[in-house]
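Nothing in this text is a laboratory measurement; each read-out follows from the coordinates by a stated rule. Predicted model only: the values in this text are computed from it and were never measured. Quick reminder, even Gly has a Cβ in these numbers, built from the backbone with ideal geometry, and neighbours come from all protein chains shown.
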Amino acid sequence: PADFATNFEVNATGAYFATVAFLDLLDAANKGKSVGETRSQVISVTSIEGFRRDGGNRNIAYSLSKAAANQLGKILVGTLKEFRIRSNIIAPGWFPSGMSAAGEDARN
């Protein structure tokens, strides 16, 4: 259960509280800007694992936490609208790296 909760603490809870922590700065950056000017935004890096239905990498806690992070990005669109702050997510697929080395063996 602790490992399961840690996935959510990092991938969903952490993203939410980081956004809240910077809300005043994001809002201040928009002050005095007209509607057409570039405005503040929150970009959340999630994962394609959050969209899979087959269990993906077989780490259900990770996949669920990334699905929660995807949903958080969508909820922030409406929540931050009154501040004129955009919210987007980037959900990359599998990429070879030190973190994915064990998964690479499983893919070959």
If I model a spin label at Thr79 and Ala28 as a point 7 Å from the Cα along the Cα→Cβ vector, what separation in nanometres do I get? 2.1
In nm², what is the average projected area of the convex hull enclosing the Cα atoms of the chain? 8.3
Phi-derived 3J(HN,Hα) across the range 74-91 with the Karplus relation (6.51, -1.76, 1.60, θ = phi - 60°), rounded Hz, x for Gly and Pro, is 5, 5, 5, 3, x, 5, 8, 4, 5, 8, 6, 9, 7, 10, 9, 10, 10, 10
Among Ala5, Tyr62, Ala21, which residue has its Cα positioned farthest towards the positive end of the charge dipole of the chain, with +1 placed on the Cβ of Lys and Arg, -1 on the Cβ of Asp and Glu, and the dipole taken about the Cα centre? Ala21
